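What follows is a single structure, written as structure tokens, with notes after it.
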Amino acid sequence: MKIVIIGAGLGGVASALALSRNGHQVELYEQADELRKGGYGVILWPNGTGILNDLGIDHRDIGHRLDRVDITSETGQPLVRVDLDRIARTFGSPNKVIRRSELVEVLAAALPPGVLRFGARATSVEEPAEGTDGPVVITFEDGRRVEADVLIGADGHRSFVRKHLFGFSPAEHTGWATWHGTTKLPVELTSSHRVQTMAGDAGLCVMHPLGEDMLYWAFETPWADGDMAPPGALDGPDVRNSAGPGGEPPSPVANLRARFAEFSSPLPELLASISDEDIAVFPHILHQVPQRWGRGPITLLGDAVHAVPPRTGMGANQALEDAWVIGRALSGKGSPAALLRRYEKTRQRRVKMLYHYAAATGKQGQAVPGLFKRSKNGISFTGFQRFQIKAFSNYLNTAAR
């Protein structure tokens with residue numbers, strides 16, 4: 001079967017690898033001229049690292065193992081703890097934090113030669129007549145026309161393929177944003193296997209050790225005047241809502257230092273070590289998950305169909321779940337359209353559960369830090385986290401995998 005995938009992000013590259021390993025002829029098209037470098041860190045739970053194992057990826061030397069999560073108040077008082085090592089032993093695969101760009105590069109390096117093609121922007125799609133098994137035809141900006149038995153849109157929450165299928169459906173901003181980056185910071189946390197989250201009235205700060213004194217950090221704050229505007233919200237892709245006293249754009253790091261001034265160590269050390277150039281910001285979004293994910297020989301995966309805020313910590317794992325399920329589904333017997341509907345049906349229940357959870361936590365905003373603050377003495381959330389990981393996973397609920 002010839003399969004064209006649009007978008008070489010995590011979901012696109014992983015699905016290309018899964019389908020190539022199952023003997024399909026795969027062509028993966030990316031509009032950029034190289035793999036994207038952004039994204040900083042992602043957490044892989046045991047379903048994510050287990051799927052990497054299934055894809056033949058040796059992840060022992062990439063990323064950093066996570067054994068524990070400690071959530072504290074802004075003063076350092078223990079609130080919640082999660083025993084990640086126990087969860088890893090339950091499911092037989094580790095929890096890790098990995099730079100997104102490194103993970104995508106490792107997956108791309110495992111692809112057969114010629115699968116990944118850069119500088120290719122899709123501009124139109126021609127579908128076969130309804131009820132027929134004819135090819136789908138994709139036209140690219142340079143005039144190329146490519147025929148395929150299956151088209152997969154893995155092109156993010158502004159998906160061209162999704163727009164072709166269902167028209168324009170913008171994502172909804174939740175009113176929160178993440179400010180994140182990586183920094184070399186020689187404190188105890190960076191050499192440990194412990195995630196530390198600090199929760200207070202200003203928001204959250206989550207700190208993930210990357211090893212070798214490197215720290216991946218992410219601040220979650222409400223969206224307010226003086227912050228960078230969400231893309232497309234104002235005139236231009238990088239417009240800010242207000243200017244500083246001299247008319248200059250407000251400083252993101254000054255904003256964070258002011259908001260989190262009352263937080264205890266290691267936040268003062270972290271905030272003193274970063275500059276505006278270290279910070280990337282993105283608004284939290286929710287994309288309404290459609291009742292149908294595809295039509296005929298076309299389907300969607302990853303953020304193209306179920307973008308959720310990073311607060312869930314599940315986004316990268318869900319892209320890998322999509323890739324794993326679609327790889328298995330398209331190895332079955334039946335027409336391409338029937339096999340794609342099987343993939344969609346298999347994933348929809350788990351994804352809808354995650355969407356409703358993400359919508360509740362995303363729209364409640366300040367209630368989540370408030371919930372943590374009402375916890376006391378390091379109450380264990382290990383069972384709840386284990387339940388969540390399994391509930392949102394097809395991989396962990398498939399006996400013969």
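LEU301: touching a Ser or Thr at 6+ places or on another chain (Cβ under 9 Å) and at pLDDT 95 or above, yes or no? Steps first, please.
Numbers: touching a Ser or Thr at 6+ places or on another chain (Cβ under 9 Å): yes; at pLDDT 95 or above: yes.
So LEU301 fits the description; yes.
Kindly provide the set of residues from the range 317-344 that are within 12 Å of VAL150 (Cβ to Cβ) and β-branched (Val, Ile, Thr), ordered by number.
Once the filter is applied, which keeps residues that are within 12 Å of VAL150 (Cβ to Cβ) and β-branched (Val, Ile, Thr), the range 317-344 yields only ILE326.
If I ask for residues that are surrounded by fewer than 23 Cβ atoms within 10 Å (Cβ to Cβ) and closer than 18 Å to ILE62 by Cβ, which ones from the range 191-209 would you list?
Of everything in the range 191-209, those that are surrounded by fewer than 23 Cβ atoms within 10 Å (Cβ to Cβ) and closer than 18 Å to ILE62 by Cβ turn out to be SER191, HIS193.
Has the range 163-176 got any residue that is in contact with a strand residue (DSSP E or B) (Cβ under 7 Å, 6 or more places away or on another chain) and under 28 Å from SER331 (Cα atoms)?
Taking the range 163-176 first, the residues in contact with a strand residue (DSSP E or B) (Cβ under 7 Å, 6 or more places away or on another chain) are 164-165, 171-176.
Next, from what is left, pick out any that are under 28 Å from SER331 (Cα atoms): 164-165.
Scanning the range 163-176, I find at least one residue that is in contact with a strand residue (DSSP E or B) (Cβ under 7 Å, 6 or more places away or on another chain) and under 28 Å from SER331 (Cα atoms), so the answer is yes.
When you scan the range 255-270, how many residues do you find that are in contact with a Leu (Cβ under 7 Å, 6 or more places away or on another chain) and part of a loop (DSSP other than H, G, I, E, B)? Break it down stepwise before answering.
Our first condition is that a residue be in contact with a Leu (Cβ under 7 Å, 6 or more places away or on another chain); within the range 255-270, this holds for 256-257, 260, 266, 269-270.
Now drop any that are not part of a loop (DSSP other than H, G, I, E, B), which leaves 260, 266.
Residues meeting the conditions: 2.
Can you tell me which of LEU165, LEU107, LEU151 is of a type outside the set (Asp, Glu) and touching a Leu at 6+ places or on another chain (Cβ under 7 Å)? Please lay out each step first, then the result.
Numbers: LEU165 fails: touching a Leu at 6+ places or on another chain (Cβ under 7 Å); LEU151 fails: touching a Leu at 6+ places or on another chain (Cβ under 7 Å).
Testing whether each residue is of a type outside the set (Asp, Glu) and touching a Leu at 6+ places or on another chain (Cβ under 7 Å) leaves just LEU107.
Which condition breaks for GLY175 when tested against (1) surrounded by 16 or more Cβ atoms within 10 Å (Cβ to Cβ); (2) touching a Pro at 6+ places or on another chain (Cβ under 7 Å)?
Here GLY175 clears every test but (1).
Write out, first by first residue and then by second, each pair whose Cβ atoms fall under 8 Å of each other, whose residues are 6+ apart or on separate chains, and whose first residue, in the range 374-400, is farther than 17 Å from ALA323 by Cα while the second is modelled with pLDDT under 90 and not aliphatic (A, V, I, L, M).
The qualifying pairs are GLN388/TYR357.
Show the residue pairs that are 6+ apart or on different chains and have beta-carbon atoms under 8 Å apart, the first residue being within the range 106-128 and within 17 Å of VAL150 (Cα to Cα), the second being surrounded by 12 or more Cβ atoms within 10 Å (Cβ to Cβ) and small (Gly, Ala, Ser).
Close Cβ pairs satisfying both conditions: VAL115/ALA16; VAL115/SER20; LEU116/ALA8; LEU116/ALA16; LEU116/ALA108; GLU127/GLY296; PRO128/GLY134; PRO128/GLY296.
Across the range 377-397, what is the total count of residues that are surrounded by fewer than 18 Cβ atoms within 10 Å (Cβ to Cβ) and of a type in the set (A, V, I, L, M, F, W, C)?
Adding up the residues that qualify gives 4.
Give me the pairs: first residue in the range 177-197 and part of a loop (DSSP other than H, G, I, E, B), second residue surrounded by fewer than 20 Cβ atoms within 10 Å (Cβ to Cβ) and among the basic types (Lys, Arg), beta-carbon distance under 8 Å, and six or more apart or on different chains, which are they?
So the pair list comes out as HIS193/ARG65; HIS193/ARG68.
Residue-wise test of (1) touching a Leu at 6+ places or on another chain (Cβ under 8 Å); (2) at pLDDT 85 or above; (3) closer than 19 Å to VAL82 by Cα.
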site	(1), (2), (3)
HIS306	yes, yes, no
LEU330	yes, yes, no
ARG350	no, yes, no
MET353	no, yes, no
GLN366	no, no, no
ASN394	no, yes, no
THR398	no, yes, no
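Give the number of residues within the range 140-178 that are at pLDDT 90 or above, of a type in the set (Phe, Trp, Tyr) and either within 23 Å of ALA258 (Cα to Cα) or out of contact with any Lys or Arg (no Cβ under 7 Å at 6 or more places or on another chain) (or both).
Residues that pass the stated criteria total 2.
The values are calculated or read from the model by the stated rules, or taken from the named source; none is laboratory data. This structure is a prediction, so every number in the text was calculated from the model and none was measured. When we count neighbours, we look across all protein chains shown, and the Cβ atoms used for this are built from the backbone with ideal geometry, even at glycine.
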